[in-house]
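Trainee: Attaching a single structure in structure tokens format; questions to follow.
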Amino acid sequence: MMYSAKVMEHFASPHNVGEMPDANGVGEVGNQKCGDIMKMYIKVENNVIVDVKFLTFGCGAAIATSSMATDLIKGQPLSEALKLTNKAVVEALDGLPAVKLHCSVLAEQAIKAAIADYYRRQGIDPTPIVGEIEDCEACHCH
Amino acid sequence: MMYSAKVMEHFASPHNVGEMPDANGVGEVGNQKCGDIMKMYIKVENNVIVDVKFLTFGCGAAIATSSMATDLIKGQPLSEALKLTNKAVVEALDGLPAVKLHCSVLAEQAIKAAIADYYRRQGIDPTPIVGEIEDCEACHCH
Amino acid sequence: MDRFVYLDNSATTKVSERVFEAMVPYLTEHYGNPSSIYGIGREAHAAIDEAREKVAKAINAKSREIYFTGCGTESDNWAIKGAARHLAKKGKKHIITSVFEHHAVLHTCQSLEKEGFEVTYLTVDSEGYVSPSDVENAIREDTALVTIMYANNEIGTIQPIAEIGKICRDKKVLFHTDAVQAIGNVRIDVQAENIDMLSLSGHKIHAPKGVGALYVRQGVVIDNFMDGGAQENNKRGGTENLASIVGLGAAMEEAHNGLEEKAAKLTILRDKLIDNLLKIPHTRLNGGRENRLCTNVNISFEGIEGEGLLLLLDLNGIAGSSGSACTSGSLDPSHVLLAIGLEHGIAHGSLRLSLGRYNTEEDVDYALQVIPQVVERLRAMSPVWQE
Amino acid sequence: MDRFVYLDNSATTKVSERVFEAMVPYLTEHYGNPSSIYGIGREAHAAIDEAREKVAKAINAKSREIYFTGCGTESDNWAIKGAARHLAKKGKKHIITSVFEHHAVLHTCQSLEKEGFEVTYLTVDSEGYVSPSDVENAIREDTALVTIMYANNEIGTIQPIAEIGKICRDKKVLFHTDAVQAIGNVRIDVQAENIDMLSLSGHKIHAPKGVGALYVRQGVVIDNFMDGGAQENNKRGGTENLASIVGLGAAMEEAHNGLEEKAAKLTILRDKLIDNLLKIPHTRLNGGRENRLCTNVNISFEGIEGEGLLLLLDLNGIAGSSGSACTSGSLDPSHVLLAIGLEHGIAHGSLRLSLGRYNTEEDVDYALQVIPQVVERLRAMSPVWQE
Ligand SMILES: Cc1ncc(COP(=O)(O)O)c(C=O)c1O
Ligand SMILES: Cc1ncc(COP(=O)(O)O)c(C=O)c1O
Ligand code: FES
Ligand code: FES
């Protein structure tokens, strides 16, 4: 199993790591039994994600996808951020080993969960906008 | 499988090889199906084996035991030659690999067969003196 | 990378120089087929006989009780399937093993279950030991075989083999042990310990990968596993893995000769590692300390995941391994860590460091300097960690 | 010994210098376990991938269709037992093979008979060929597998593999071929020839002994043979035989690249040997001349026995082999020679000379100078020889 140079770069020096006390949207997906948990913090101003941070308990791929995904949505309007797919993240990382593809799903989900949380805090029902966030079990624990 | 130096010596330069037109006892044992055939020629004078020759179709051990066996009986009285066992031949050769022990039985048998033939030519029933010569099948083709 | 500290000797070891030197002639000029009758064939045969003698000597067996195989896994497959299938003809279709065996044993037992065998998987205690009385109680009329590993590959616990051997001998049940991790670290005596079959592998003792051996006590009959030519006394077909067998012989001799000194040295290094890693808060040692391989350190760090830990160690020039599922790309973390009662989360954050003959105190000091920093760093980015 | 002429390349070959050079790093500095995550582990893994690619390319397969094994015998055991046991679950319990397969195939089939399989052993003609129509006629509703060797190891006859492959594909029966002797001597295309599984072995093509491979066409499912870890895509447990696998890859590449030139050169040497040995009276060539390995010469000399012949050749520095029973210490001479109709006596007196990449015309000339003398000498001491 080999990670691309890009993955290793993001793993070794991940961007946007940490907590964010003043976030206005927080999403957490995965569970420890499955092996990985991702927590995403966003700060939204005028429907734009002005800042983002993450915490990840998971493998190198999980950490690298978190880092890359946060890079990709930082400064983007929510509508654009919602379009981010795990495929796009994987491509931006120059690919992932097949057994690690599931880890990238988590980042996509964590962003959606954070945005949903943001809408909820604004009193807006996120479901029509964000859609259902599938349970971790469904996404990769097969 | 490894032959002793003694075996290789007798195999490479066997003693007493050849036919003997004026033999007064000839014995042949074994059969080609089993893989080895030994023909022993003796010339007996005054109950002493004054000359002996052999022909062998068989492995290195068969040739070496023929050579050693003929050496051991040459110049011996018939009574002594009849006491020659395959064990003695094997010992004189510094041993044989286990899978090759059966080859040495043939030399013992060939000598007995030649002596029996000698007695028969003299009009003497060899059986009480030489005993039954077992069939090749019985001796090593198991 | 400036520094390279190899602390994964339970995964595999570096071929020793003496082993390599012993092998080279058989990879170059002495290439005869050991079954051939001419000079280089006979030499090859003699070299294998010599290696067999060395392997036998190291475990107090007879030379003709040693069969060379393609790896430790083949030895396990052969011993277990060979014994089971042979004894099934006598109506014995029950096997006893433990839940924390190596996959070479576990998956073999599982495949025998599909063939109709019944397998009892004994649990182990929280320290990582099989109980001899559990073995005794599990033995039935129709038990063909007991197979319990000599020492566990992940947590290094040395099992009560002599006691289990005694029980099996008394009850007339065959006893196999996978000693792949114990060989070279523990002095083994197959006779005193009543071992009927023993698996070993070259690459754990500084011989190359891809060669192993199976000891089968004289008088014990098992079915063949690899059908073919007349090699290995008609019991294992296939042209002999000449150079690697010679290497295995040399490695067994080296391991056997230097065992006590090596063990004494490594025990000190091991304890230094354990004691200092346990100073990191929220950390636990997996496997008992008492009967433990001199080579094995296995520590769990709460709040972090093993693959990330290994990758960061690698970036610092340290090679280790983990019970993390992420490392293997599978879902469940190590069955061994789960067997001794660890939760999934903490099992994920485990690190195995395994020492070997070539490790030095400097290696240990370097690891002790790097690991706490790396753990801290991962904990800082972990959503499940709170001080 | 002044001169050494190796003419037993079908028994085993000398490791090529390029292969040896390719292996050395993996027996020294690059000792990582291919399953490990850190640098030297990843490098080891990449080296195996590269070797897999080379093996695949040489037979026109895909890389993921190649599985490394411990030897050609293991490949045969796995292919045949794996397919048989898998298809038995679907009620297919019949296997078709030929009487003159290598023991790795024959003994495997015999052991499957004990498990309840039915095996048809096709006869071969007096030239040493299996007839495709015999294969076709033997196929039944419940046939699981046809296994016919690509080229015979004793008499070098190349079987009509493409025709048999076509029949099996049409009849939807799995087709395995033991190509251990053909690899490197015949250009093989598993796709064009409709081969579902193919066994090969390193030591016949200048890689070391104790490494092999099995090609399994994508989509073909067979049971595992060696249960254990997740290596080889979960299909063959055991830490990979790293250095030897790298060697096998290099050897396959070498064999593949130089095949036609080598074959052309060896065909000339082979024919020179055959033509001149047949000048010795009461001598016959075993196996057809037409579809024959460029490496194989197999001649029977009436009135003499093979072991003595080999020993005398050895004393003259020539390495060859024989179908004599005496050589193997068994009772019956070569089952291959009996299969093509030879009498026991004449089968005993057979000599196989097998050429390889490193043989020269001088080697052949030397052999042709020695052999007639040696034959004459043995005939002179033979009781069954009369001019
Ligand atoms: C035709 C054939 N099949 C199988 C084998 C077995 O290969 P290995 O010796 O690598 O097990 C050989 C050679 O020994 C062979 O010639
Ligand atoms: C306890 C144990 N058994 C068996 C094996 C398998 O040995 P090999 O990799 O040589 O097949 C290993 C190591 O991989 C092991 O640690
Ligand atoms: S987080 Fe476990 S495999 Fe990626
Ligand atoms: S004569 Fe055949 S084995 Fe000795």
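The values are calculated or read from the model by the stated rules, or taken from the named source; none is laboratory data. Since this is a predicted model, take the numbers as computed values, not measurements. Heads up, the Cβs are rebuilt from the backbone with ideal geometry, glycines too, and the neighbour counts pull from every protein chain shown. For the accessible areas, the whole protein counts, side chains as well, though only heavy atoms, and no ligand, DNA or RNA atoms are used. Shrake-Rupley method; radii C 1.70, N 1.55, O 1.52, S 1.80 Å.
Trainee: I'd like the interface area for chains C and A: accessible area of each alone minus the complex, both sides summed, 1.4 Å probe, protein heavy atoms only. What is it in Å² to the nearest 100?
Mentor: Summing both sides, the interface buries roughly 1900 Å².
Trainee: Within 10 Å of each Cβ of C:67-78, how many other protein chain Cβ atoms are there on average?
Mentor: Other-chain Cβ atoms within 10 Å of each residue's Cβ, averaged: 5.
Trainee: Sticking with this one: Compare C:69, C:108, C:177 in a GNM of chain C, Cα atoms joined below 10 Å, and give the one with the largest fluctuation.
Mentor: Comparing C:69, C:108, C:177 in the GNM, the peak value goes to C:108.
Trainee: Can you list the HN-Hα couplings for segment D:187-202, worked out from phi with the Karplus curve (6.51, -1.76, 1.60; θ = phi - 60°), rounded to whole Hz and with x for Gly and Pro?
Mentor: 7, 10, 10, 5, 6, 4, 9, 6, 8, 8, 9, 9, 9, 9, 9, x
Trainee: Determine how large the accessible area of residue C:338 is when every protein chain is in place; take a 1.4 Å probe and give Å² rounded to the nearest 10.
Mentor: Counting only protein heavy atoms, the figure is 50 Å².
Trainee: Averaged over peptide B:48-61, how many Cβ atoms belonging to another chain are found within 10 Å of each residue's Cβ?
Mentor: The mean count of partner-chain Cβ atoms within 10 Å per residue comes to 5.
Trainee: Quantify how much of the Cα-Cα distance distribution of segment D:1-127 extends past 24 Å, in percent.
Mentor: I get 54 percent for the Cα pairs in segment D:1-127 exceeding 24 Å.
Trainee: Name the residue, out of D:246, D:375, D:297, whose mean-square fluctuation peaks in a Gaussian network model built on chain D with Cα pairs under 10 Å.
Mentor: Highest fluctuation among the options: D:375.
Trainee: Here's another thing I want to ask about it. Set Lys and Arg Cβ to +1 and Asp and Glu Cβ to -1, take the dipole of the protein assembly as shown about its Cα centre, and tell me which of C:28, D:87, A:3 lies farthest positive.
Mentor: Final value for the positive-end residue is D:87.
Trainee: In whole Hz, what ³J(HN,Hα) sequence does segment D:174-185 give by Karplus (6.51, -1.76, 1.60; θ = phi - 60°), x for Gly and Pro?
Mentor: 5, 10, 10, 10, 7, 9, 4, 8, 7, 3, x, 10
Trainee: Of all the accessible heavy-atom surface of segment A:36-112, with the other protein chains kept in place and a 1.4 Å probe, what percent is carbon and sulfur?
Mentor: 52 percent
Trainee: For every other residue with a beta carbon closer than 12 angstrom to the beta carbon of residue D:235, add +1 if it is Lys or Arg and -1 if Asp or Glu, then tell me the sum.
Mentor: Net charge around residue D:235: -2.
Trainee: Could you state the number of Å between the C-alpha centres of segment A:52-67 and segment C:323-379?
Mentor: 19 Å
Trainee: Could I ask something else about it? Subtract the Cα-Cα distance of residue D:335 and residue D:113 from 0.36 nm times their separation in residues, and report this length gain in nm to one decimal.
Mentor: 78.0 nm
Trainee: Mind ranking D:73, A:127 by accessible surface for me, highest first, 1.4 Å probe?
Mentor: Order by accessible area, largest first: A:127, D:73.
Trainee: If you place +1 on the Cβ of every Lys and Arg and -1 on the Cβ of every Asp and Glu, how big does the dipole about the Cα centre of chain C come out, in debye to the nearest 20?
Mentor: So the dipole magnitude of chain C works out to roughly 860 debye.
Trainee: Still on this structure: Give the D-C buried accessible area in Å², both sides summed, 1.4 Å probe, nearest 100.
Mentor: Approximately 4500 Å² gets buried when D meets C.
Trainee: What are the semi-axes of the equivalent ellipsoid of chain C, taken as the square roots of 5 times the eigenvalues of the Cα gyration tensor, listed largest first and rounded to whole Å?
Mentor: In descending order, the three semi-axes are 35, 27, 17 Å.
Trainee: Dipole magnitude of the protein assembly as shown about its Cα centre, charges +1 at Lys/Arg Cβ and -1 at Asp/Glu Cβ only, in debye to the nearest 20?
Mentor: Here the size comes out at about 640 debye.
Trainee: Express the carbon and sulfur contribution to the solvent-accessible surface of chain D as a percent, rounded to the nearest whole number, probe 1.4 angstrom.
Mentor: That share works out to 48 percent.
Trainee: Also: Toward the positive end of the charge dipole of chain D, about the Cα centre and with charges on Cβ (Lys, Arg +1; Asp, Glu -1), which of D:188, D:144, D:244 goes farthest?
Mentor: Positive-most Cα among the choices belongs to D:144.
Trainee: Shifting gears a bit: For an R0 of 22 angstrom, estimate the FRET efficiency from the Cβ-Cβ distance between residue B:121 and residue B:88 and round to the nearest 0.05.
Mentor: The value I calculate is 0.25.
Trainee: I need the phi-derived Karplus couplings for segment C:18-27: 6.51 cos²θ - 1.76 cosθ + 1.60, θ = phi - 60°, integer Hz, Gly and Pro marked x.
Mentor: 3J(HN,Hα) across segment C:18-27, in whole Hz: 5, 5, 4, 4, 5, 7, 3, x, 7, 9.
Trainee: Can you give the local net charge around residue C:73? Use residues other than it whose beta-carbon is closer than 13 angstrom to its beta-carbon, Lys and Arg +1, Asp and Glu -1.
Mentor: Surrounding charge for residue C:73 is -3.
Trainee: Using only the alpha-carbon atoms of segment B:5-134, report the extent along each of the three principal axes, biggest first, to the nearest angstrom.
Mentor: That gives 40, 27, 25 Å along the principal axes, largest extent first.
Trainee: Would you kindly enumerate the cysteines in chain C that have no other Cys beta-carbon under 4.7 Å from their beta-carbon?
Mentor: C:71, C:109, C:168, C:294
Trainee: Any residues in segment C:191-217 that have 50 Å² or more less accessible area with all protein chains than in their chain alone, probe 1.4 Å, and which are they?
Mentor: Residues losing area: C:209.
Trainee: Can you pull the Kirkwood radius for segment C:192-287, inverse mean 1/r over Cα pairs, to one decimal in Å?
Mentor: Taking every pair of different Cα atoms in segment C:192-287, averaging 1/r and inverting gives 16.8 Å.
Trainee: What angle do you read, to the nearest 10 degrees and between 0 and 90, between the alpha-carbon axis of helix D:161-170 and the longest principal axis of chain D?
Mentor: 40 degrees
Trainee: Next up: Hey, rough spin-label estimate for residue C:377 and residue A:98, points 7 angstrom out along Cα→Cβ, what's it come to in nanometres?
Mentor: 3.2 nm
Trainee: Check cross-link reach from residue A:43 to the aspartates and glutamates: straight Cα distance under 12 Å, and skip same-chain residues fewer than eight apart.
Mentor: Result set, ordered by chain and number: A:19, A:22, A:51, A:117.
Trainee: Let me ask something else about it. Would you mind calculating the relative contact order of segment B:7-126 from Cα pairs under 8 angstrom and at least 6 residues apart, reporting the percent as a whole number?
Mentor: 31 percent
Trainee: Would you please give the FRET efficiency between residue D:125 and residue D:230, computed as 1/(1 + (r/R0)^6) with r the Cβ-Cβ distance and R0 = 41 Å, to the nearest 0.05?
Mentor: 0.35
Trainee: Sticking with this one: Using the heavy atoms of the protein chains alone and a 1.4 angstrom probe, what is the accessible area of the protein assembly as shown per residue in square angstrom?
Mentor: 36 Å²
Trainee: If only Cα atoms are counted, what is the Rg of the protein assembly as shown, and what is its Dmax, in Å?
Mentor: 33.7, 131
Trainee: Hey, another quick one. Between C:44, C:107, C:202, whose Cα lies farthest towards the positive end of the dipole of chain C when Lys and Arg beta carbons carry +1 and Asp and Glu beta carbons carry -1, centred on the Cα centre?
Mentor: So the residue we want is C:44.
Trainee: Under 10 Å, Cα contacts only: if you run a Gaussian network model on chain B, which one of B:131, B:123, B:27 comes out with the highest mean-square fluctuation?
Mentor: Among B:131, B:123, B:27, the largest GNM mean-square fluctuation belongs to B:123.
Trainee: Checking buried surface per residue: for segment C:35-51, which residues lose a minimum of 20 Å² accessible area in the protein assembly relative to the chain alone (1.4 Å probe)?
Mentor: C:37, C:38, C:40, C:42, C:45
Trainee: Please list, ordered by chain and number, the residues whose modelled amide H lies under 5 Å from the amide H of residue D:238; skip anything fewer than 5 residues away on the same chain.
Mentor: Close amide H contacts, sequence-distant or interchain: D:229, D:231.
Trainee: Taking segment D:94-157, which GluC sites (Glu not before Pro) meet the DSSP loop condition and have no more than 11 other C-beta atoms within 10 Å?
Mentor: Sparse-neighbourhood loop GluC sites (Glu not before Pro): D:141.
Trainee: Which number comes out as Rg/Rh for segment B:1-79 once both Rg and the Kirkwood Rh are worked out on C-alpha atoms?
Mentor: Reported Rg/Rh, Kirkwood definition of Rh: 1.00.
Trainee: Still on this structure, I have one more. What FRET efficiency do you get for residue A:79 and residue A:15 if R0 is 25 Å and r is their Cβ-Cβ distance, rounded to the nearest 0.05?
Mentor: 0.65
Trainee: Turning to a different aspect of this structure: What is the angle, in °, between the Cα long axis of helix D:259-277 and the longest principal axis of the Cα atoms in chain D? Nearest 10 is fine, range 0 to 90.
Mentor: Rounded to the nearest ten degrees, it is 30.
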